[in-house]
1. Among residues belonging to region A:248-287 that are within 16 Å of the ligand (Cβ to nearest atom) and open to solvent by 40 Å² or more (accessible area, probe 1.4 Å), point out the one that is nearest to the chain's Cα centre (by Cα).
2. Counting just the residues of region A:155-172 that are closer than 18 Å to A:Pro86 by Cβ and of a type outside the set (Gly, Ala, Ser), which one comes out surrounded by the most Cβ atoms within 10 Å (Cβ to Cβ)?
3. Could you go through region A:195-205 and let me know if any residue there is under 18 Å from the mean Cα position of the chain (by Cα) and open to solvent by less than 30 Å² (accessible area, probe 1.4 Å).
4. I need the helices (runs of 4 or more DSSP H) fully contained in region A:355-414, keeping only those with at least 1 residues that are polar (S, T, N, Q) and in contact (Cβ under 8 Å) with a residue 24 or more places away in the chain.
5. Tell me, yes or no, whether region A:305-319 has at least one residue that is part of a strand (DSSP E or B), on the phi < 0 side of the Ramachandran plot, away from the ligand (no atom under 15 Å from the Cβ) and touching a helix residue (DSSP H, G or I) at 6+ places or on another chain (Cβ under 9 Å).
6. Determine whether A:Ala393 is in the same structural domain as A:Arg251 (by TED's automatic domain parsing) and open to solvent by less than 10 Å² (accessible area, probe 1.4 Å).
7. If A:Ser98 satisfies all but one of (1) polar (S, T, N, Q); (2) under 29 Å from A:Ala210 (Cβ atoms); (3) out of contact with any Asp or Glu (no Cβ under 8 Å at 6 or more places or on another chain), what's the number of the condition it fails?
8. Are any residues in region A:292-304 more than 8 Å from the ligand (Cβ to nearest atom) and either touching a residue at least 40 places away in the same chain (Cβ under 8 Å) or among the hydrophobic types (A, V, I, L, M, F, W, C) (or both), and if so, which ones?
Amino acid sequence: MRGNFGRILLVELRGDRVAVEHVPLPEAVYQAFVGGVGLGAYLLWRFAPAGVDPLAPEAPLVYAFSPLLGTPLTTTAKFAVLCKSPLTGRISDGLSSSRFALAAKRLGVDAIVVRGALDRLSWLHLDEDPAACRAEPCPAWAGLSAHELSDMATKQGLFRHVSAIGPAGERQVRYATISNDGRHAGRGGAGAVLGAKRVKAISVRGAAVAGVADAASVQARARDLAARSAGAATEKYRALGTAANLETFDRLRILPRRNFQTVSIGQAAARRLAPEGLARAAEHVRDSCAGCTIGCDHRYGGTRIEYETQFALGPLIDVDDPARLIAAAGACDALGLDTISAGGTLAFAMECAERGLVDWPLRFGDDVLPWLGAIARREGAGDLLAEGTRRLAAVIGQGSERFACHVKGLELPGYEPRAMQTFALGLCVASRGADHNRSGAYQADLQVGVDRYRADVARAPARVIESEDNAALLDSLILCKFLRGAIREPWREGAELLTMVTGLSRGEDDLRRSARRIAAVRHAFNVREGWTLAEDRLPDRFHDEALEDGASLSRADVVAMVDAYHAARGHVPQGGPSERLRRELELDAWLTDAPPLQGPASLG
Amino acid sequence: MVTVELYGVPRLRAGASRVEVPAGTLASILHALASALPGLVPDIVHDGRLTEHALVAIDGREMIADPELPIADGSVLVLLSAAAGG
Ligand code: SF4
């Protein structure tokens with residue numbers, strides 16, 4: 001097998017010591033789970049003790065690479081970061097891009113699993129040579145942003161590519177990110193898990209190469225994909241970035257404003273926050289992840305602004321000043337905060353303050369910079385906001401839960417579910433909570449022939465499942481989703497890519513089974529950690545309050561769609577796979593309760 | 001007349017954010033649009049049809065594609081990029 005190394009690196013931390021061991025993985029694991037989020041979900045299942053506290057030393061943090069990583073194929077310089085989320089208590093699987101991904105795979109492993117904790121804030125160096133792996137205390141780095149740390153370390157010649165946390169991760173803010181060359185593994189709080197292990201940064205050094213089975217075919221496909229990536233299908237990302245969504249979504253009345261109270265900020269405000277408005281407020285440059293021929297990374301005054309950040313730190317908190325939005329986004333980057341959860345939690349707190357449920361000096365439209373700093377440092381009320389919307393609502397009480405906009409504890413992305421009712425289902429059932437990445441069901445609502453204002457119990461489940469499975473494929477290969485418009489037949493092309501890279505023959509049907517298996521393992525993980533059907537729901541606001549244009553979402557319809565989804569997935573009512581699904585996907589071989597794969601004995 | 005509002009790449013290609021065209025079928029409107037705003041051809045509008053790279057919503061709500069669909073006088077069509085991801 002090429003494209004993979006057939007082994008992972010298990011890292012155990014204790015006191016000031018680090019022990020590492022290479023653990024071989026059978027070829028069948030790669031056939032079953034591909035790589036990226038698929039491989040990571042399997043490893044999380046195997047290494048996380050059932051019911052573990054996500055911030056406890058024994059909770060694993062998984063970096064999972066993919067077979068395409070390191071090849072000349074465009075948009076493949078990515079990796080997955082998985083953990084049990086401290087925000088949701090469910091699976092968290094983020095993706096990030098960067099040169100760190102390329103450098104980390106050269107350790108000669110397909111994943112890194114970090115367990116245990118150090119006793120002081122340290123820099124963890126991982127090396128292809130196990131004897132060179134070490135942890136070095138770095139108390140002077142406390143409070144640095146990942147960017148500052150990376151700059152300083154590069155200047156001092158310490159390391160070049162680093163995966164690091166900012167101040168929010170150190171303080172275990174439940175939606176802290178892990179930052180890699182300016183990109184973030186954002187949702188779900190993986191940064192808090194690294195912070196709980198007292199690891200400020202991970203540097204890597206290695207020269208291993210996994211190679212590819214059919215170099216000529218890979219080269220030819222890389223040229224072809226690069227050419228397709230420069231076509232009309234990706235023009236929006238190149239020319240405008242996802243920030244172009246905001247004005248369009250305002251017009252379609254799906255842009256959440258003021259903690260999901262309304263769906264429009266008006267044309268003038270939308271234009272101020274649109275790419276042209278942002279470019280008037282700060283210098284605009286375009287950039288890209290390593291090895292990407294699309295380049296969707298639009299920076300304003302040096303800060304990357306994409307739609308979700310723009311929505312969460314703009315309309316959601318009723319800010320329509322582009323300079324203020326850019327400053328807040330820059331602060332989240334520096335502090336290591338997930339922008340959607342930060343904006344969502346602030347929006348909820350603002351509504352509570354305006355309703356007089358708390359006496360904080362915080363109102364919609366306010367400058368949130370001081371609040372972001374307080375959250376990241378857990379100062380004053382910021383300490384409560386650092387816990388995220390769900391926990392904050394539990395503390396404030398007084399009925400605030402009904403407008404606490406989260407699913408499973410994860411704050412909602414920028415699509416109004418009352419006006420996108422297929423996506424409403426996608427949000428309810430997504431394994432990591434209200435999520436727009438591991439499922440792209442919003443796309444179904446913007447198709448011809450779909451009435452997005454109607455909960456289509458008969459058709460929505462299949463649309464959501466197809467979207468989740470497509471995402472599982474791309475996120476396991478890993479290819480950037482912004483390439484999807486240039487890939488007409490993702491299953492066929494995915495199978496071809498895997499075959500030419502690994503040399504293992506893959507077919508469309510067998511890849512579809514892998515995608516379904518990945519979904520089944522994620523669901524099984526959540527069931528093991530306490531999932532019940534009751535958590536596949538939206539907050540009351542979305543059912544009890546109609547939008548100004550009359551759009552409303554029936555609670556009974558959502559319940560019916562969720563039930564139909566689980567039935568179509570082959571889940572039993574109390575959660576978990578049916579006998580038939582177990583057989584079809586050979587789940588008993590994978591969802592084993594056997595002891596975790598062995599780790600280093602040297603720490604005792 | 002029918003008002004066509006342009007967003008995203010269609011606006012960028014057309015160099016306009018709004019245009020009025022005579023009412024008629026969707027196909028006749030797209031033909032008129034292509035004549036008025038040639039930058040939309042061929043990636044957004046081709047042979048009186050929308051390409052896969054664009055969507056059109058009537059009054060900002062329902063996505064439509066049937067070329068024979070009559071569009072009434074006074075309607076507003078919203079022309080947008082098909083890629084919705086964020
Ligand atoms: S399209 Fe954007 S997110 Fe995707 S790899 Fe390229 S720069 Fe990164």
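The values are calculated or read from the model by the stated rules, or taken from the named source; none is laboratory data. This is a predicted model, so every value here is computed, not measured. Glycine also receives a Cβ, built like all others from the backbone with ideal geometry; neighbour counts cover every protein chain displayed. Heavy atoms of the whole protein, side chains included, go into the accessibility calculation; ligands, DNA and RNA do not. Shrake-Rupley method; radii C 1.70, N 1.55, O 1.52, S 1.80 Å.
1. The residue in question is A:Asp287.
2. For region A:155-172, the residue satisfying everything is A:Ile165.
3. Yes, the conditions are met somewhere in region A:195-205.
4. Those helices (runs of 4 or more DSSP H) span A:389-396.
5. No, region A:305-319 contains no residue that is part of a strand (DSSP E or B), on the phi < 0 side of the Ramachandran plot, away from the ligand (no atom under 15 Å from the Cβ) and touching a helix residue (DSSP H, G or I) at 6+ places or on another chain (Cβ under 9 Å).
6. For A:Ala393, the condition - in the same structural domain as A:Arg251 (by TED's automatic domain parsing) and open to solvent by less than 10 Å² (accessible area, probe 1.4 Å) - is met.
7. If we test A:Ser98 against (1) polar (S, T, N, Q); (2) under 29 Å from A:Ala210 (Cβ atoms); (3) out of contact with any Asp or Glu (no Cβ under 8 Å at 6 or more places or on another chain), just (3) comes out false.
8. A:His298, A:Arg304, listed by residue number.
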